[in-house]
1. Just flag the trypsin sites (Lys or Arg not before Pro) in the stretch 71-163 sitting in loop per DSSP whose Cβ has no more than 16 other Cβ atoms within 10 Å.
2. Dividing the Cα radius of gyration by the Kirkwood radius, what Rg/Rh value follows for the stretch 3-200?
3. I want to check the label-to-label distance for SER102 and GLU78. Put each point 7 Å from Cα in the C-beta direction and report it in nm to one decimal.
4. Within 10 Å, count the other beta carbons around each residue, average over each peptide in 41-52, 4-15, 20-31, and list them highest first.
5. Kirkwood hydrodynamic radius, computed over distinct alpha-carbon pairs, for the stretch 1-99: how many Å, to one decimal?
6. All other residues with a Cβ under 11 Å from the Cβ of GLU38 taken together, and with Lys, Arg as +1 and Asp, Glu as -1, what is their net charge?
7. Using Cβ counts within 10 Å as a stand-in for footprinting exposure, how do TRP97, TRP164 rank, fewest first?
8. Taking 0.36 nm per residue of sequence separation and subtracting the Cα-Cα distance, how much length would be gained by fully extending the chain between ASN3 and ARG58, in nm to one decimal?
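What follows draws every value from the coordinates through simple rules; no lab data is involved. Remember, predicted model here, so these are calculated numbers, not experimental data. Virtual Cβ from ideal backbone geometry, glycine too; neighbours counted across all protein chains shown.
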Amino acid sequence: MVNQLHLLLDKMNTPIGELLLLADESGSLRAVEWADHEERLHRLLSRQYRSTQITIERRNNPFGLTSTLEIYFAGDMESIQSLSIATGGTPFQRRVWESLRSIPAGETTSYGNLARKLDAAAAVRAVGLANGANLISIVVPCHRVIGANGSLTGYGGGLHRKQWLLEHEQKYTSVAGMPSVFAVKPTDIRKTSPVERNRSNALELPFPDETQPCETKASF
C-alpha cells in the first residue's frame, strides 16, 4: 500500500531570494528551500519519501510558519527554534539533522566536530552527505557547518546565501546581547590555495548530492 502525504506550500520573499515552504497537515515543516533550487527540492523529496505519494496544495501562511520565518529574517533568531519539523531520510540522517538544530545562532561548527558529537568520528563524509541532504534549510541550520580551516565549503542554496545567513545571525545575536562565539567571520576567511584547501579540509570538502531523477510530480 502506498503511503500518502499531503503538503501545504507557501512562498515568501527574503533579502536573498524567494523561499518555498512545505508543511504537513499537522503543522510540521517538511521542507524549506530556495525557489531557484526547486529541482533539488523535488529530488530530495523523491529520495527521502520513496514509497510515499506526495500531493501539494497552495496555502497562505500555513500554521503561521511563513510569518515565523519572516520574524527570523527581521532579526529574531529565537523565533524558529521551537518550530515543529518532520523528516524522512535514514536514522543516521535524522540524527545529524537533530544535531544541527543544537548549534546556536551566531555559532558554527565543522563537519569533523559534528561527527565527533555524534560519536561517529570516522563518518565525517557520511555526516557531510546528510548535511547536504537536509530538506529544511535555515530551521535545520546546515549553513552553520563550515570547513575545518574556517572556509565556508558548500551550501545547497549558494555560498553567497550561506555567508549572508551567518552574518545576519551574528549581527542579531550580538545586538540581542547573546554571547556569540562565531567561529569565523565569513568576510575574514583566509584565502588559501586549492592545494592548501585540499590538505586542510581532507575529509571536509563540500559533499554534492547524488544525481537521481526526481519522481515527484508536483510543480511549484
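1. For trypsin sites (Lys or Arg not before Pro) across the stretch 71-163 that sit outside H, G, I, E and B with at most 16 neighbouring Cβ atoms in 10 Å, the list reads ARG101.
2. Looking at the stretch 3-200, the ratio lands at 0.96.
3. Result for the modelled spin labels: 2.1 nm.
4. For the peptides 41-52, 4-15, 20-31, the packing ranking is 20-31, 41-52, 4-15.
5. Values: mean 1/r = 0.0700 Å⁻¹.
This gives a value of 14.3 Å.
6. On the way: positive: LYS11, ARG40, ARG43; negative: GLU18, GLU33, ASP36, GLU39.
Cβ neighbours under 11 Å give a net charge of -1.
7. Going from sparsest to densest Cβ surroundings: TRP164, TRP97.
8. This chain segment gains 17.7 nm when fully extended.
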